[in-house]
Amino acid sequence: MTASFDALYLAVFASAAIALVLFERIGAWQRQPVQFANRWTSNIGLFISGSLLTTIFVPVGVYAFALHQPPGLMTRLGVPMVAQMVVTFLLLDCWRYWEHRVYHRVPLLWRLHLVHHSDTQVDVTTSERHHPLDALLGTAVMFALVSAFGLPAPAVGLYLLVATVVALYSHANLRLPASIGRVAAWFIVTAPVHAVHHSDLQSQTDSNFGSVLTLWDRFFGTYVDPARSPVANFGLRYFHQPRDTRFARVLLQPFLFRRDIDYPARLADAGSDTEAAAIPAAAMTRATRDALLGAMAGCLLLCLVMWPTLVGMVRAWRSNEAYQYAWLIVPMIAYVIGWHRTPGRGPLVPEPGFEGVFVVIAAAACWSAATLMNIDAGREFAFVLALQGIAISALGWRCYRSLFPALALLFLMIPSGDLLQPALRVLTVKAIDLSAAAAQLPHSVDGFVIFIGTHRYIVVDECSGLAYVTLAGFLGYCFGLLLYRSFTKVAALALLGALLGIVSNVLRVDAIVFIDWWRDSQMDLAAHGTLQWIALFATLGLLFYVLSRLDGDAPTAVAARAPSPAAPAAPAALRKFAPVFAGLSGLLIAGSAVALPDAAMRSPHATPTGAFPTAIVGWQLANSAVAWSVDAGRDTESIALTYVRDGRELHALIVAPLSPTAKLRASALAPRDGTWREKEIGREAGCTAGRCIEFVHSTWLRDKGHELRHVYHAYSIGGLVTDSTFTLRAAHGWHRLQGDGDNPRMFGFVVADGAANVDELAAALLALRSAADNPAP
């Protein structure tokens with residue numbers, strides 16, 4: 001049903017927009033001549049960026065959200081659906097009216113909304129001219145309204161369809177016959193009625209706030225008759241100069257606005273052609289085109305061998321909300337380099353050279369090593385570093401250095417935030433502990449479990465706030481690129497954004513704890529989700545406030561740089577192929593690592609059941625307690641054995657990869673029967689026969705219960721036994737390079753009803769490893 005509505009909404013939106021654009025082309029129906037250049041680029045760019053941002057962080061549409069809400073008051077009272085639809089329509093439209101008025105009254109909200117009003121001409125595209133943060137906030141507010149009143153999904157869907165069509169029409173550059181316009185204006189917001197609202201006169205701007213119906217403006221005294229109040233100019237008394245039509249400038253308008261802003265008076269009518277002519281176009285010289293083509297060829301050569309790395313990164317962007325911002329990185333770089341920096345700064349002067357070849361060679365060597373060791377983060381870093389080498393070859397060192405702040409954004413494509421997650425998780429626990437101590441609440445901390453009075457909280461990975469940190473850091477970096485030219489300032493703004501994300505997450509978890517303490521009951525996960533959205537907007541709000549207080553670098557005219565006076569070592573015709581040569585170098589080196597033969601992986605099934613010891617330090621193998629299983633998703637195979645002693649059970653699991661690229665993940669040992677939360681994780685050493693073995697010891701707590709399970713695991717390859725995945729992968733890479741047949745294995749032990757004797761586990765691991773590595777014939 002959701003897919004059907006989405007298709008219907010898209011069809012209605014596209015049909016209405018196309019029809020109105022065609023009607024606007026009819027001269028007799030036009031309100032005034034308008035321009036397309038730059039205005040349409042900015043308006044459509046805002047629409048696309050706002051849609052992407054909303055889709056990434058609010059993946060559920062308003063209709064789908066309403067469809068999954070519990071029945072509201074009207075449904076429970078048995079109100080007929082027709083009446084529900086009428087009441088919902090009036091309620092939502094009245095809400096939109098007052099929401100619009102509040103946007104004009106509250107200074108912080110006006111900063112966002114003024115982007116919609118800064119368009120000096122009004123046509124269909126103006127209806128979608130909203131700052132991305134404005135679009136995100138509006139969607140969240142609609143979610144809150146639907147949830148609070150339990151509005152029925154069909155009524156919400158009807159309002160969305162009607163409001164969309166009316167919004168497109170009310171901004172259209174059209175004029176109705178006077179007789180029809182007067183009648184229509186009594187019911188709906190027509191184009192002439194809403195045109196008054198887009199006037200640059202404050203008295204006219206603060207009128208006609210309605211979205212669909214004019215009823216609310218008439219009832220609350222804000223209606224202005226368009227026939228009696230002609231509009232001289234559209235837009236605002238500020239942000240009306242030609243440079244203000246650029247997309248980046250429009251994005252920055254909320255942060256450039258000051259309450260007492262001093263702006264030059266308008267020198268030309270908004271409909272004149274002088275504005276478009278005054279905006280400098282981005283110049284692309286032949287050298288720039290050659291550099292772009294060379295860079296594309298070099299990148300293509302790299303992707304021929306490193307494509308699994310790129311596919312893995314894209315998969316992470318799609319599946320993890322903490323990295324979904326990465327879809328915006330390449331468009332952002334293209335915009336900053338291609339358009340944002342060009343006006344007033346002179347064209348780029350690429351000087352291709354072979355300096356970047358050495359960077360690509362080093363990156364390809366790192367990628368090869370990471371491939372042998374099967375380390376995803378290493379491959380991803382090497383891939384991005386190789387892209388930087390291609391850029392150096394195509395641009396030359398001097399040109400690359402000036403563009404480095406933008407190109408460094410590529411490193412944020414690496415989904416390496418998981419390295420931060422353990423630290424953020426611990427920080428969350430410490431924050432709750434400190435806040436509870438400051439508020440003098442009775443509490444105690446046991447690993448990742450926190451007791452506040454009679455309430456128990458388990459801090460899982462989702463509580464770490466990783467998505468807040470990555471999103472705020474990315475947005476801080478992007479706005480830093482738009483405001484500053486110094487990489488230090490840009491990076492500082494990104495770090496500040498990440499810090500604000502941490503602060504917002506701490507406020508979120510503290511709010512959960514204190515609200516539960518005040519109510520003397522624990523809220524459910526749905527309520528946690530509501531606070532998660534509040535924290536997200538708190539993060540964006542804090543970042544927004546900081547950005548609004550900053551003054552960016554003043555634009556300075558920079559003359560086009562002449563080529564370097566030093567004579568190049570290679571002829572110019574040859575240097576043009578430097579990025580291609582760099583790509584070939586990466587292809588050959590990385591391809592050599594891929595082409596290395598791998599020894600055959602011996603399946604655990606090759607070990608017969610009778611090869612495993614029937615007794616280990618007092619533990620007896622249970623009858624028929626050996627089981628094989630294959631995990632196709634992880635490309636691993638495992639053998640499970642159960643040993644018993646004094647009524648207790650020791651579950652042993654041996655996991656082996658079925659391919660050289662398969663990973664041995666500790667998550668395979670997590671309890672599967674019900675919902676468990678990781679309570680604590682640490683390391684313990686067990687010694688036997690003069691040898692000590694380090695184990696990773698994780699304790700799992702059953703959700704809403706007190707049952708504990710202790711899980712111990714370690715890894716083995718050849719004669720090495722370790723608790724470090726990095727050490728295992730380094731050793732595995734060395735074994736692959738040598739071409740021997742040693743297989744990595746993970747040995748896990750699961751114990752219930754108390755912790756195990758780690759010395760006994762060390763003896764058990766050595767015995768099981770000996771049986772697996774040297775099975776009896």
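Observations on the model:
- The dipole here belongs to the range 644-717: it is taken about the Cα centre, uses +1 on the Cβ of Lys and Arg and -1 on the Cβ of Asp and Glu, and is about 140 debye.
- Taking θ as phi - 60° and the Karplus parameters 6.51, -1.76 and 1.60, the scalar couplings of the range 383-389 work out to 4, 5, 5, 5, 4, 5, x Hz in sequence order, x denoting glycine and proline.
- For the listed peptides 534-545, 471-482, a ranking on the average number of other beta carbons within 10 Å per residue, highest first, reads 471-482, 534-545.
- Note on the range 619-707: dipole from Cβ charges, positive end direction compared against Ile681, Cys692, Trp619; the farthest Cα belongs to Ile681.
- Between helix 247-256 and the chain there is an angle of about 90 degrees, using the helix long axis and the longest principal axis of the Cα atoms.
- Lacking any other cysteine beta-carbon closer than 4.7 Å, the following Cys residues of the chain have no compatible partner: Cys94, Cys299, Cys303, Cys366, Cys399, Cys463, Cys478.
- Put the Cα centre of the range 480-497 next to the Cα centre of the range 646-714 and the gap is 43 Å.
- Approximate spin-label separation Asp759-Lys704, in nm, with each point projected 7 Å along Cα-to-Cβ: 4.3
- 0 to 90° range, to nearest 10: angle between helix 466-483 axis and the chain longest Cα axis: 50
- Sequence ranges 613-622, 108-117, ranked by mean other-Cβ count within 10 angstrom, highest first: 108-117, 613-622
- Sites Glu321 and Gln738, calculated FRET efficiency, Cβ-Cβ separation with R0 35 Å, nearest 0.05: 0.25
- Residues of type lysines that Lys430 reaches as a straight line, Cα spacing below 28 Å, ignoring anything fewer than 8 places off in the same chain: Lys679, Lys704
- For the pair Arg665 and Ala640 in one chain, pulling the backbone fully straight at 0.36 nm per residue adds 7.4 nm over the alpha carbon distance.
- Each of Leu215, Phe239, Phe149 was placed along the dipole of the range 147-243 (beta-carbon charges, centred on the mean Cα), and the one lying farthest toward the positive end is Phe239.
- R0 of 35 Å, Cβ-Cβ distance Gln620-Glu684: FRET efficiency to nearest 0.05: 0.90
- Cα-based helix-to-principal-axis angle, 107-117 vs the chain, degrees rounded to 10: 70
- Spread of Cα-to-Cα distances over 5 Å intervals beginning at zero, given as percent, for the range 143-199: 4, 17, 21, 19, 13, 12, 10, 4, 1
- Translational D in µm²/s for the range 651-722 (Stokes-Einstein at 25 °C, 0.890 mPa s, Kirkwood Rh from C-alpha pairs): 175
- Put a dot 7 Å past the Cα of Asp773, heading toward its Cβ, do the same for Ser629, and the two dots end up 2.6 nm apart.
- Projected onto its three principal axes, the C-alpha set of the range 365-467 covers 63, 34, 14 Å, listed from the longest axis down.
- What you get for the chain, charging only the Cβ of Lys and Arg (+1) and of Asp and Glu (-1), is a dipole of about 1780 debye around the Cα centre.
- The mean sequence separation of alpha-carbon pairs under 8 Å and at least six residues apart, normalised by the residue count of the chain, gives a relative contact order of 11 percent.
- Gain in span if fully extended, Asp260 to Leu91, counting 0.36 nm per residue against the direct Cα distance: 57.2 nm
- Each of Leu412, Gly447, Ile458 was scored by the projection of its Cα onto the charge dipole of the chain, and the greatest displacement toward the positive side belongs to Leu412; charges sit on the C-beta of Lys, Arg, Asp and Glu.
- Rounded percent of accessible protein surface that carbon and sulfur make up, the chain, 1.4 Å probe: 66
- Counting only protein chain heavy atoms and rolling a 1.4 Å probe, the accessible areas of Asp119, Asp418 rank, largest first, as Asp418, Asp119.
- The range 188-235 and the range 64-128: distance between their alpha carbon centers, rounded to Å: 18
- Helix-only CD estimate at 222 nm, as mean residue ellipticity for the chain, using -39500 (n - 2.57) per DSSP H run (n ≥ 4): -16500 deg cm²/dmol
- When the square roots of the Cα gyration tensor eigenvalues are ordered a ≥ b ≥ c, the ratio a/c for the chain is 1.5 or more and a/b does not exceed b/c, which makes its shape oblate.
- For the chain, the solvent-accessible area works out to 46 Å² per residue, with a probe of 1.4 Å and every protein chain left in place.
- Value of relative contact order over the range 646-724, rounded to a whole percent, pairs C-alpha under 8 Å and six or more apart: 21
The values are calculated or read from the model by the stated rules, or taken from the named source; none is laboratory data. Owing to the predicted nature of the structure, the values given are computational and were not obtained by experimental measurement. A quick note on method: Cβ atoms are made from the backbone with ideal geometry, for glycine too, and the neighbour counts reach across all protein chains shown. When the accessible area is computed, the model is the full protein with side chains, heavy atoms only, and any ligands, DNA or RNA have been set aside. Shrake-Rupley method; radii C 1.70, N 1.55, O 1.52, S 1.80 Å.
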